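Let me begin by presenting the structure, written as structure tokens, before commenting on it.
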Amino acid sequence: FRGGAELLFDGVKKHQVTLPCQPEPWDIRNLLKWIKQNLLKERPELFMQGDSVRPGILVLINDADWELMGELDYKLQDQDNVVFISTLHGG
């Protein structure tokens, strides 16, 4: 979590997680639900909108824009690195 997004997660920038086993492969959509339930500490409306991240949150999967990877439908692989960068700033 970067660009201020880490403030919603107790200021912790890096989380290494092991996701629980489930019948279907994990995708970003399910990862976001898991993050909201398990890591997000405050003001979920600043991180999520509906089932996705808010506009203004850049998502990188292994250093590539998630738009190139299938966004919410991207199937997570072991050792994937997912980064959330807030581009939202107060004024």
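For the chain, which whole percent of the accessible surface, found with a 1.4 angstrom probe, sits on carbon and sulfur atoms?
Values: 2860 of 5970 Å².
Carbon and sulfur: 48 percent of the exposed surface of the chain.
Give me the net charge of Phe1's neighbourhood, meaning all other residues with Cβ under 12 Å from the Cβ of Phe1; Lys, Arg count +1, Asp, Glu -1.
That works out to +2.
Computed from the coordinates I sent, Kirkwood radius over Cα pairs in Å equals one of (1) 13.5; (2) 15.8; (3) 18.1. Tell me the label.
Read-out taken from this structure: (1).
For the stretch 1-32 and the stretch 33-91, what is the separation of their C-alpha centers, rounded to whole Å?
Rounded to whole Å, the Cα centres lie 8 Å apart.
With every protein chain kept in place and ligands, DNA and RNA left out, what is the accessible area per residue of the chain? Probe 1.4 Å, answer in Å².
Heavy-atom SASA per residue in the chain reads 66 Å².
If each of Trp34 and His15 carries a label point 7 Å out from its Cα toward its Cβ, how far apart are those two points in nm?
Rounded to a tenth, the inter-label distance reads 1.0 nm.
Around Asn30, what is the net charge, scoring Lys/Arg as +1 and Asp/Glu as -1 over all other residues with Cβ under 14 Å from its Cβ?
It works out to a net charge of -2.
Would you mind calculating the relative contact order of the chain from Cα pairs under 8 angstrom and at least 6 residues apart, reporting the percent as a whole number?
39
With the dipole of the chain worked out from charges on the C-beta (+1 for Lys and Arg, -1 for Asp and Glu) around the Cα centre, which of Val53, Trp26, Tyr74 lies farthest toward the positive end?
Val53
Multiply the residue separation of Glu42 and Gln79 by 0.36 nm, subtract the distance between their alpha-carbon atoms, and state the gained length in nm to one decimal. Can you show the working numbers first?
Working: separation 37, 0.36 × 37 = 13.32 nm, distance 2.69 nm.
Value of the extension gain: 10.6 nm.
Under a straight-distance cross-link criterion of Cα-Cα below 18 Å, which lysines are reachable from Lys13, leaving out those fewer than 8 residues away in the same chain?
Result set, ordered by chain and number: Lys36, Lys41.
Where does the chain land at 222 nm, in deg cm²/dmol rounded to the nearest 500, when only DSSP H runs of n ≥ 4 count, each adding -39500 (n - 2.57), divided by all residues?
-3500 deg cm²/dmol
The values are calculated or read from the model by the stated rules, or taken from the named source; none is laboratory data. Being a predicted model, the structure only gives us computed values, none of them experimental. Glycine also receives a Cβ, built like all others from the backbone with ideal geometry; neighbour counts cover every protein chain displayed. In case anyone asks, the SASA skips ligands and DNA or RNA and just uses the protein heavy atoms, side chains included. Shrake-Rupley method; radii C 1.70, N 1.55, O 1.52, S 1.80 Å.
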